[in-house]
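Here is the structure we will look at.
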Amino acid sequence: MPAQPSDDYPTTNGSLNRKLRMALVGGGSGSFIGRVHATGALLDNRAELVAGALSSNPERAKKSAPSYAIPEDRAYTSIHELVEKELARPEDDRIDFVSIATPNHTHFEIAKTAAEAGFNVVCDKPMTFDYAQAEELVQVVENTPGVFALMHNYTGYPLIRQAREMCLNGELGEINAIRSNYIQGWLREPLEETGQKQASWRADPGKSGAAGAFGDIATHAYNIGRFMTGCLPEELSCNLKSFVEGRKLDDYGHAVVRFQNGALGTVTASQISHGHENNLYVEIDGTKASLAWRQENPNELWVRQNGQPLKIYTRDPNAPFLSDLSRNSSRLPSGHPEGFFEAFGNVYRAAFDAMIARSEGTDFTGRTETTRDTLYPNVYDGAEGMLFVTKSVESSEQNGAWVSLKPDYARR
């Protein structure tokens, strides 16, 4: 008979007392984000990757499996085969959740199929190809038992969570302005014409959707401003443009957002700015103070007040000036940089906590108006993100006309 665990030595995933079993969809040869999902999910030793459908190309799907140590009999060639064969396995052996790391146009079918089969889902952003699919997926998730997490990974950074708590508890006063920018330069040249995999699908309207840079990275910039401040949007004016000749989708854009509390926001996204790598940065102005955070230096949060010295909050899990949430989101002592993988890990950690709550029969989700503020981004965040993209394109097509941006589903 196994020894009973003590309080000093907690079990893996609490009462579940085992690792969660993961299936990865996407992530085959040439993939970037699939490998990141796998690393983030396994970072805290709470999950194990046991199955996958790693590519829409059956041969590539099979050949990619050994690089993830996925056994041959669980290397599937489609989400439908994955679901069918996993459901046929004994309950104590089948997967617990499906992670989706595929191009935009495939998200909906994969997420819907996995959710309707009763599996928990972690989906990369944007959640779907268009807003109609997002609305349908909300209904699917609301009528199925599983956890649905959306991988807006930047919400997992400890100091982004610190900033959210500072905004929501009034340390900045009334929020007046939100400036969210995501500036890259990697598509300055028409890489999609060279067959480069990451560029090819992002520049294809049939795979990326109605927007290019705005669907790919402006959704992150918009989401992070919303997450940090809790300000609810009212309306939007947007201009999108493709500066690279022959490119079918925008590679640059700028949106102005009016929020319900009177604040103004700007979202700028570029993939054609020379010398910029992954320059996501956010500035927030309040009546009492302002703050700034930059993803390329994520372990610092700058706070300013007129007449006061500049304050730089560093990611220090032992610092009394940080919130409990921020400290608990850190894994390393101060001075040891944490970054992209750890942020993924933090979103997975919050989703795993919800999966454990589900296994215990307790409430875990934001499926009602009062409980949508889950720590992990959820299906409602995904729907709002798709509404933002849809309305941005609509406004741009009307020469920047103001259009309504009032999501049916919104977090604080």
Looking for whichever is closer than 17 Å to T155 by Cα and open to solvent by 20 Å² or more (accessible area, probe 1.4 Å) here; the options are D324, D285. Which one fits? D324
Qualifying positions in segment 210-250 - touching a strand residue (DSSP E or B) at 6+ places or on another chain (Cβ under 7 Å), buried (at least 23 other Cβ atoms within 10 Å of the Cβ) and acidic (D, E): D250
Working only within segment 27-41, note down all residues that are surrounded by 19 or more Cβ atoms within 10 Å (Cβ to Cβ) and over 16 Å from the mean Cα position of the chain (by Cα). G27, G28, S31
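Would you mind stating whether T362 is without any contact (Cβ under 8 Å) to a residue 12 or more places away in the chain and not in a helix (DSSP H, G or I)?
yes
Please tell me if R94 is open to solvent by 20 Å² or more (accessible area, probe 1.4 Å) and touching an Asp or Glu at 6+ places or on another chain (Cβ under 6 Å). I'd like the intermediate steps shown before the answer.
Working: open to solvent by 20 Å² or more (accessible area, probe 1.4 Å): yes; touching an Asp or Glu at 6+ places or on another chain (Cβ under 6 Å): yes.
When the stated conditions are applied, R94 passes them.
Test of understanding: among E338, E360, which residue is open to solvent by 20 Å² or more (accessible area, probe 1.4 Å) and charged (D, E, K, R)? Don't jump to the end; show me each part of the working.
Values: E338 fails: open to solvent by 20 Å² or more (accessible area, probe 1.4 Å).
Only one candidate qualifies: E360.
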Residue under question is E165, and the condition is that it be in a helix (DSSP H, G or I), open to solvent by 20 Å² or more (accessible area, probe 1.4 Å) and over 21 Å from P298 (Cβ atoms); does it hold? no
Among the residues of segment 112-139, which ones are in a loop (DSSP other than H, G, I, E, B) and either among the β-branched types (V, I, T) or more than 16 Å from the chain's Cα centre (by Cα) (or both)? A117, G118, F119, T128, D130
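Quick one: in segment 42-68, which of the residues that are part of a loop (DSSP other than H, G, I, E, B) and open to solvent by 80 Å² or more (accessible area, probe 1.4 Å) is modelled with the lowest pLDDT? Steps first, please.
So in segment 42-68, the residues part of a loop (DSSP other than H, G, I, E, B) come out as 43-46, 54-57.
Checking which are open to solvent by 80 Å² or more (accessible area, probe 1.4 Å) leaves us with 45, 56.
On the way: N45: 96, S56: 91.
Step by step, filter segment 42-68, then rank; the result is S56.
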Checking G262 against (1) closer than 23 Å to G335 by Cβ; (2) open to solvent by 30 Å² or more (accessible area, probe 1.4 Å): exactly one of these is not met. Which one? (1)
Lone unmet requirement of (1) open to solvent by 50 Å² or more (accessible area, probe 1.4 Å); (2) of a type in the set (A, V, I, L, M); (3) part of a loop (DSSP other than H, G, I, E, B) for A319: (1)
Can N279 be described as among the polar types (S, T, N, Q) and in contact with a strand residue (DSSP E or B) (Cβ under 6 Å, 6 or more places away or on another chain)? yes
Looking only at strands (runs of 3 or more DSSP E) that fall completely inside segment 193-304, which ones have 3 or more residues that are among the β-branched types (V, I, T) and within 17 Å of N181 (Cα to Cα)? 264-270
Test E171 against the criterion of being outside any loop (DSSP other than H, G, I, E, B), in contact (Cβ under 8 Å) with a residue 24 or more places away in the chain and either of a type in the set (S, T, Y) or open to solvent by 10 Å² or more (accessible area, probe 1.4 Å) (or both), and give yes or no. no
Any residue that is over 30 Å from I312 (Cβ atoms), open to solvent by 50 Å² or more (accessible area, probe 1.4 Å), assigned to a loop (DSSP other than H, G, I, E, B) and of a type in the set (S, T, N, Q) - is there at least one of those in segment 142-158? yes
Odd one out for R188 among (1) over 22 Å from A289 (Cβ atoms); (2) in contact with a helix residue (DSSP H, G or I) (Cβ under 7 Å, 6 or more places away or on another chain); (3) at pLDDT 95 or above: (2)
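Being over 30 Å from N17 (Cβ atoms) and either among the basic types (K, R) or free of Cβ contacts under 8 Å to residues at least 60 places away in the same chain (or both) is the filter here; which residues of segment 107-139 pass it?
Going through segment 107-139, the residues over 30 Å from N17 (Cβ atoms) turn out to be 107-109, 112, 125-139.
The answer is H107, F108, E109, K112, K125, A132, E136, Q139.
Would you confirm whether or not segment 348-355 contains a residue that is of a type outside the set (V, I, T), open to solvent by 50 Å² or more (accessible area, probe 1.4 Å) and closer than 30 Å to E235 by Cα?
Here is the first cut: in segment 348-355, the residues of a type outside the set (V, I, T) are 348-355.
This time we only want the ones that are open to solvent by 50 Å² or more (accessible area, probe 1.4 Å), so: 349, 353.
Then drop every residue that is not closer than 30 Å to E235 by Cα, which leaves none.
No, that holds for no residue.
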Among the candidates T365, T268, which residue alone is modelled with pLDDT under 95, among the hydroxyl-bearing types (S, T, Y), touching a helix residue (DSSP H, G or I) at 6+ places or on another chain (Cβ under 9 Å) and buried (at least 16 other Cβ atoms within 10 Å of the Cβ)? T365
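Quick check on my filter: what residues within segment 174-192 are among the hydrophobic types (A, V, I, L, M, F, W, C) and part of a strand (DSSP E or B)? So that I can check it myself, show each step before the final result.
Step one: of segment 174-192, the residues among the hydrophobic types (A, V, I, L, M, F, W, C) are 175, 177-178, 183, 186-187, 191.
Result: I175, A177, I178, I183.
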List every residue pair whose Cβ atoms lie under 8 Å apart, where the two residues are 6 or more positions apart in sequence or sit on different chains, the first residue falls within segment 53-64 and is in contact (Cβ under 8 Å) with a residue 40 or more places away in the chain and within 8 Å of S78 (Cα to Cα), and the second residue, located anywhere, is assigned to a helix (DSSP H, G or I) and hydroxyl-bearing (S, T, Y). S56/T106
Checking T374 against (1) assigned to a loop (DSSP other than H, G, I, E, B); (2) among the polar types (S, T, N, Q); (3) at pLDDT 95 or above; (4) within 19 Å of P126 (Cα to Cα): exactly one of these is not met. Which one? (3)
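The values are calculated or read from the model by the stated rules, or taken from the named source; none is laboratory data. In this text, all values refer to a predicted model and were calculated from it rather than measured experimentally. Neighbour counts are summed over all protein chains in view; Cβ atoms, including those assigned to glycine, are modelled from backbone coordinates with ideal geometry. Accessible surface is based on the protein model in full, side chains and every heavy atom, while ligands, DNA and RNA are left aside. Shrake-Rupley method; radii C 1.70, N 1.55, O 1.52, S 1.80 Å.
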